[in-house]
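Student: Can you read through this structure? Questions will come right after.
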Amino acid sequence: MTHWFHRNPLKATAPVSFNYYGVATTPAATKVCNDLRLSRTRLLELFTDSSCNPEMMKNAADLYFSLLQGFILSLDDSSQECKLRYIQNFKWTDTLQGQVPSAQQDVVFELISMGFNVALWYTKYASRLAGKEDITEDEAKDVHRSLKIAAGIFKHLKESHIPKLITPVEKGRDLEARLIDSYIIQCQAEAQEVTIARAIELKHNPGLIAALAYETANFYQKADQTLSSLDPTYAGKWRKYLNLKSCFYMAYAYCYHGQTLLASDKCGEAIRSLQESEKFFAKAEALCKEYGETKGPGTTAKPSGHLFFRKLGSLIRNTLEKCQRENGFIYFQKVPTEAPQLELKANYGLVEPVPFEFPALNAHWTPETVAAFDLTKRPKEDPAKPKPDEEVKPLKEPNIKPQKDSGCQIS
């Protein structure tokens, strides 16, 4: 498969000790706090551990989220919120706006921000696997599944949790609808790339491949348009990626549509379709150069040197030459001046996010445990609040060596 995907950096966060001396008045309450601190630290470590796999990530995330929700959920099934929701201040950076953190004294903000990072981890895991030269069928399935899981997490955060924040979402930051939507659509588009690669490998009908490529190109275009009103200083590089992928898959769509037309003895139209494919491929090639020269968050790469890119270039050239030969010997058809309109609809292979829910409340949370937190004992100078100058250190992500011919490196 040997695909290449753009990735923005992980979010970074300030340390949280969960030490509530005097407030947690029983051993059970203190144990919950210790478990929260340890499980949070473990989860943050796994984000940057190149040996982490989806099972390890799910287990660590489920443990932390099941404990964290004790600060959010009411145990008596009432609509009243838990008294512990605002016990702690949390600081998180942004995937696009660098190390300028946002802070909220709200456990829901922590739940969303950590969930966002878990989704990002699934996209990065998929990217590492997809970049391998000799990817197995099971690994391709893992890439596909991981991207759908990530899309499901982003979708769940957007629909079920971000609306519960007391502090309004800041414009142009991760939790805003434009960014979340773009992440969801990008995950769907990249998962469909895996579907297309599989369809090509198994020599499926060119009409199906053309339709899937067309739908994927439209996904990338939609994600790009969603980011169009953001500051290009932050979103410019990401948009170049989305734009070049849109052009790349339009080139794929016209290439395979040309094969379909040739099989229907419409050689002149096939040639015109292949010529349009060449145009989109040239646009994608130009955008690859612009992407490499654009400063901003995310991966650094030379996509035009990547194997998946070069393969398409050869396919378009060889198919066009074949069509021109056939037309010169057999069909003698006029080549239309207008490119064929692509009105392709894929009936198979379209990707939907995997539905996601946070895990159930941890069994250590009981009405007695919640009652054991005495908020009247909080000191006036609340140690739970980070100091204003507290540094949020960026997560040191693994330096993944590029595969042979990949043309890609992780910044």
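Residues are listed down the side, and each one gets a yes or a no for (1) open to solvent by 10 Å² or more (accessible area, probe 1.4 Å); (2) within 21 Å of V392 (Cα to Cα):
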| site | (1), (2) |
| --- | --- |
| A14 | no, yes |
| N19 | yes, yes |
| L36 | no, yes |
| T41 | yes, yes |
| E45 | yes, yes |
| D49 | yes, yes |
| E55 | yes, no |
| L63 | yes, no |
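Student: Residue under question is T30, and the condition is that it be in a helix (DSSP H, G or I), closer than 30 Å to P398 by Cα and open to solvent by 30 Å² or more (accessible area, probe 1.4 Å); does it hold?
Tutor: Working: in a helix (DSSP H, G or I): yes; closer than 30 Å to P398 by Cα: no; open to solvent by 30 Å² or more (accessible area, probe 1.4 Å): yes.
No.
Student: Please state which one of S146, S182 is in contact with a helix residue (DSSP H, G or I) (Cβ under 8 Å, 6 or more places away or on another chain), farther than 19 Å from L44 by Cα and either crowded, with 17+ Cβ neighbours inside 10 Å or among the aromatic types (F, W, Y) (or both).
Tutor: The unique qualifying residue is S182.
Student: Residues that are open to solvent by 40 Å² or more (accessible area, probe 1.4 Å) and modelled with pLDDT of 90 or more, at least 1 per element: which helices (runs of 4 or more DSSP H) completely within the range 226-335 meet that? Let's see the steps before the verdict.
Tutor: On the way: elements: 232-263, 267-293, 307-326.
Where helices (runs of 4 or more DSSP H) fall fully within the range 226-335 and carry at least 1 residues being open to solvent by 40 Å² or more (accessible area, probe 1.4 Å) and modelled with pLDDT of 90 or more, they are 232-263, 267-293.
Student: Also: Being open to solvent by 30 Å² or more (accessible area, probe 1.4 Å) and farther than 18 Å from T260 by Cβ is the filter here, so list the residues in the range 207-225 that pass it.
Tutor: Across the range 207-225, the qualifying residues are N218, F219, Q221, K222, Q225.
Student: I would also like to ask the following. Based on what the data block shows, is D106 modelled with pLDDT of 95 or more and either more than 25 Å from R378 (Cα to Cα) or of a type outside the set (S, T, N, Q) (or both)?
Tutor: Details: modelled with pLDDT of 95 or more: yes; either more than 25 Å from R378 (Cα to Cα) or of a type outside the set (S, T, N, Q) (or both): yes.
So D106 fits the description; yes.
Student: Pick out the one residue from G98, G172 that is within 30 Å of Y249 (Cβ to Cβ), open to solvent by less than 40 Å² (accessible area, probe 1.4 Å) and either more than 10 Å from the chain's Cα centre (by Cα) or free of Cβ contacts under 8 Å to residues at least 24 places away in the same chain (or both). Talk me through it step by step, then tell me what you get.
Tutor: Numbers: G98 fails: within 30 Å of Y249 (Cβ to Cβ).
After applying the criteria, what remains is G172.
Student: Being assigned to a loop (DSSP other than H, G, I, E, B) and out of contact with any Phe, Trp or Tyr (no Cβ under 8 Å at 6 or more places or on another chain) narrows it down to one of E133, E139, so name that one. Please lay out each step first, then the result.
Tutor: Numbers: E139 fails: assigned to a loop (DSSP other than H, G, I, E, B).
Selected residue: E133, the only one of E133, E139 that is assigned to a loop (DSSP other than H, G, I, E, B) and out of contact with any Phe, Trp or Tyr (no Cβ under 8 Å at 6 or more places or on another chain).
Student: Could you go through the range 217-224 and let me know if any residue there is among the small types (G, A, S) and not in a loop (DSSP other than H, G, I, E, B). Walk me through it before giving the result.
Tutor: Here is the first cut: in the range 217-224, the residues among the small types (G, A, S) are 217, 223.
Pick out the ones that are also not in a loop (DSSP other than H, G, I, E, B) and you get 217, 223.
Checked against the condition, which is being among the small types (G, A, S) and not in a loop (DSSP other than H, G, I, E, B), the range 217-224 yields at least one hit.
Student: Identify all residues within the range 197-209 that are touching a residue at least 60 places away in the same chain (Cβ under 8 Å) and within 23 Å of the chain's Cα centre (by Cα); write none if there are none. Break it down into steps so the answer makes sense when it comes.
Tutor: Within the range 197-209, the subset touching a residue at least 60 places away in the same chain (Cβ under 8 Å) is 197, 199, 207-208.
Listed by number, the residues that qualify are A197, A199.
Results for (1) farther than 30 Å from L129 by Cα; (2) basic (K, R); (3) in contact with a Leu (Cβ under 8 Å, 6 or more places away or on another chain); (4) in contact (Cβ under 8 Å) with a residue 60 or more places away in the chain, shown as yes or no for each residue.
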{"position": "A12", "(1), (2), (3), (4)": "no, no, yes, yes"}
{"position": "N19", "(1), (2), (3), (4)": "yes, no, no, yes"}
{"position": "T26", "(1), (2), (3), (4)": "yes, no, no, yes"}
{"position": "K31", "(1), (2), (3), (4)": "yes, yes, no, yes"}
{"position": "D35", "(1), (2), (3), (4)": "yes, no, yes, yes"}
{"position": "L44", "(1), (2), (3), (4)": "no, no, yes, yes"}
{"position": "F47", "(1), (2), (3), (4)": "no, no, yes, yes"}
{"position": "S51", "(1), (2), (3), (4)": "no, no, no, no"}
{"position": "M56", "(1), (2), (3), (4)": "no, no, yes, no"}
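Student: Could you tell me which residue of the range 109-135 is farthest from the chain's Cα centre (by Cα), considering only residues that are of a type in the set (K, R) and modelled with pLDDT under 95?
Tutor: Filtering the range 109-135 down to residues of a type in the set (K, R) leaves 124, 128, 132.
Restricting the remaining residues to those that are modelled with pLDDT under 95 gives 128, 132.
Details: R128: 13, K132: 18 Å.
Filtering the range 109-135 for residues that are of a type in the set (K, R) and modelled with pLDDT under 95, the one farthest from the chain's Cα centre (by Cα) comes out as K132.
Student: Being surrounded by 18 or more Cβ atoms within 10 Å (Cβ to Cβ) and in contact with a Lys or Arg (Cβ under 9 Å, 6 or more places away or on another chain), is that true of even one residue in the range 77-85?
Tutor: no
Student: Further, regarding this structure: For the list (1) part of a helix (DSSP H, G or I); (2) open to solvent by less than 30 Å² (accessible area, probe 1.4 Å); (3) touching a Lys or Arg at 6+ places or on another chain (Cβ under 9 Å); (4) touching a residue at least 24 places away in the same chain (Cβ under 8 Å), I need the number of the one condition that G70 fails.
Tutor: So the condition that G70 fails would be (3).
Student: Related question: Being at pLDDT 95 or above, part of a loop (DSSP other than H, G, I, E, B) and under 26 Å from V16 (Cβ atoms) narrows it down to one residue among L175, L179; which is it?
Tutor: Working: L179 fails: part of a loop (DSSP other than H, G, I, E, B).
Result of the check over L175, L179: L175.
Student: One residue is enough: does the range 355-369 have a residue meeting the conditions in contact with a Lys or Arg (Cβ under 9 Å, 6 or more places away or on another chain), more than 22 Å from Q192 (Cα to Cα), at pLDDT 85 or above and not in a helix (DSSP H, G or I)?
Tutor: Yes, there is a match, as at least one residue in the range 355-369 is in contact with a Lys or Arg (Cβ under 9 Å, 6 or more places away or on another chain), more than 22 Å from Q192 (Cα to Cα), at pLDDT 85 or above and not in a helix (DSSP H, G or I).
Student: Just a yes or no: is a residue in the range 112-123 touching an Asp or Glu at 6+ places or on another chain (Cβ under 9 Å), open to solvent by 20 Å² or more (accessible area, probe 1.4 Å) and not small (G, A, S)?
Tutor: So far as the range 112-123 goes, no, none of its residues is touching an Asp or Glu at 6+ places or on another chain (Cβ under 9 Å), open to solvent by 20 Å² or more (accessible area, probe 1.4 Å) and not small (G, A, S).
Student: Between L395, L344, which is over 24 Å from the mean Cα position of the chain (by Cα) and modelled with pLDDT under 85? It would help to see each step written out before you state the result.
Tutor: Values: L395 fails: over 24 Å from the mean Cα position of the chain (by Cα).
Step by step, each of L395, L344 is checked, and only L344 is over 24 Å from the mean Cα position of the chain (by Cα) and modelled with pLDDT under 85.
The values are calculated or read from the model by the stated rules, or taken from the named source; none is laboratory data. Quantities reported herein were computed from a predicted structural model and do not represent experimental measurements. Because the Cβ atoms are built from the backbone with ideal geometry, glycine has one as well, and the counts that use them run over all protein chains shown. All accessible areas refer to the heavy atoms of the entire protein, side chains included, with ligands and DNA or RNA removed. Shrake-Rupley method; radii C 1.70, N 1.55, O 1.52, S 1.80 Å.
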